[in-house]
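The values are calculated or read from the model by the stated rules, or taken from the named source; none is laboratory data. Just so it is clear, the structure is predicted and the values come from calculations on it, not from any experiment. Every residue, glycine as well, gets a Cβ built from its backbone with ideal geometry; the counts of neighbours run over all protein chains shown.
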Amino acid sequence: MFEGFEQSRISVDGVGLNVRYAGEGPGVVLLHGYPQTHIIWRHIAPSLAATHTVVVPDTRGYGDSDCPPSDPGHLNYSKRTMANDVVAVMHALGHDTFSVISHDRGARVGYRLALDHPDRVMHYMSLDVVPTHEMWVATDKNAAMGSFHWMFLAQAAPQPETMIGHDPDGWVEWLHRSWAAPDFEFEEHAMAAYKRAFRNPDVIRGTCEDYRAGATCDDEDDATDFNAGRKIQCPITCLWGAARAKGGPKEKSPLDIWRNWGAAGVDGEAIARSGHFIPEEAPDDVIRWAKTFLDGNA
């Protein structure tokens, strides 16, 4: 995996982040989600590195990055804090402007990055995500069943950590099977990497803190921006999986939702054969759409 990529540990305010990078040209950062690591980008990063500098980190609390202590306000795992991590990593690698391609929790970091640092983000791609505030407002029975983990992981420590810690391998595999297209088979080495990460109790804690932030400070930050009319200033590309067995609210198209948050245009489509894990289930579609905006920045 990631042949030709360098691997480094970059410290941001004392938090060590595991980062792979390769290529030359304008910067692109790829941000993974839950319950995964940067490994999800293994079929996409090498292709994009032919024309761009591609940076692929494990976000704080995930994979082989550090898991900083929990705090009462969950600010150590807020998307604002994680977005600042990305800015620091990209700056350390020589890129103060860049595009963001992001999935799941990483996409929440991505749009917070675009909102907080509009001068840095040239294009934002969201994979199978709508804004956190929209998810909470629109949660119905279907959303609660498909995204039950939002409520579960956000419960007070240590209950979620203890329950997941009894069988982390089973938890990781079950979520993958539940959210992917019914006929999709994950590569064994990738699944092994995700399971290995979640055998670390600190990763279980850190990822729970991610969701506790999502239920508190992240939602509050979203609501503040939305109510103030603050929008994402760069173009937005939104792809979502149409074959996911369980999902979130379905009353609105993700494109319509993102148009309420973007000031510079929104494009995208449903990926018919893909479930939630689009970078693994349909990497060619991600590459095709990414090249439509990256080629203009090559």
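A few comments on the model shown:
- When GLY4, GLY16 are checked against the criterion of being at positive phi and surrounded by fewer than 19 Cβ atoms within 10 Å (Cβ to Cβ), GLY4 stands alone in meeting it.
- Positions within region 127-149 being part of a loop (DSSP other than H, G, I, E, B) and farther than 23 Å from TRP171 by Cβ, in sequence order: VAL130, PRO131, ASP140
- Residues of region 30-43 that are touching a strand residue (DSSP E or B) at 6+ places or on another chain (Cβ under 7 Å) and in contact (Cβ under 8 Å) with a residue 60 or more places away in the chain: LEU30, LEU31, HIS32, GLY33, ILE40, TRP41.
Yes/no per residue for (1) touching a helix residue (DSSP H, G or I) at 6+ places or on another chain (Cβ under 9 Å); (2) farther than 17 Å from ARG196 by Cβ:
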| residue | (1), (2) |
| --- | --- |
| GLN36 | yes, no |
| HIS43 | yes, yes |
| THR59 | yes, no |
| ASP64 | yes, no |
| PRO72 | no, yes |
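- Close pairs (9 angstrom Cβ cut-off, 6 or more residues apart or separate chains): buried (at least 24 other Cβ atoms within 10 Å of the Cβ) and at pLDDT below 95 in region 265-282, among the β-branched types (Val, Ile, Thr) and assigned to a strand (DSSP E or B) anywhere: none
- Region 67-115: number of residues that are surrounded by fewer than 19 Cβ atoms within 10 Å (Cβ to Cβ), under 30 Å from GLY275 (Cα atoms) and over 14 Å from the mean Cα position of the chain (by Cα): 1
- Matching entry among THR37, THR132, THR51 (being hydroxyl-bearing (Ser, Thr, Tyr), on the phi < 0 side of the Ramachandran plot and surrounded by fewer than 21 Cβ atoms within 10 Å (Cβ to Cβ)): THR51
- Index of the failed condition, ARG20 passing every other in (1) modelled with pLDDT of 95 or more; (2) assigned to a loop (DSSP other than H, G, I, E, B): (2)
- Residue in region 107-124 that is modelled with pLDDT of 95 or more, part of a loop (DSSP other than H, G, I, E, B) and among the hydroxyl-bearing types (Ser, Thr, Tyr) present: no
- Among the candidates ILE204, ILE164, ILE232, residue that is closer than 21 Å to LEU113 by Cα, of a type in the set (Val, Ile, Thr) and surrounded by 19 or more Cβ atoms within 10 Å (Cβ to Cβ): ILE232
- Screening the candidates SER70, SER11, SER65 for the property of being small (Gly, Ala, Ser), without any contact (Cβ under 8 Å) to a residue 60 or more places away in the chain and assigned to a loop (DSSP other than H, G, I, E, B) yields one hit, SER65.
- The set of residues from region 160-217 being under 18 Å from GLY33 (Cα atoms) and not in a helix (DSSP H, G or I) comprises ALA180, ALA181, PHE186, GLU187, ARG199, ASN200.
- The residues on offer are CYS234, CYS238, and the sole one that is touching a strand residue (DSSP E or B) at 6+ places or on another chain (Cβ under 6 Å), of a type outside the set (S, T, N, Q) and either modelled with pLDDT under 95 or part of a loop (DSSP other than H, G, I, E, B) (or both) is CYS234.
- The one condition from (1) over 26 Å from ASP128 (Cα atoms); (2) charged (D, E, K, R); (3) not in a loop (DSSP other than H, G, I, E, B) that GLU3 does not meet is (3).
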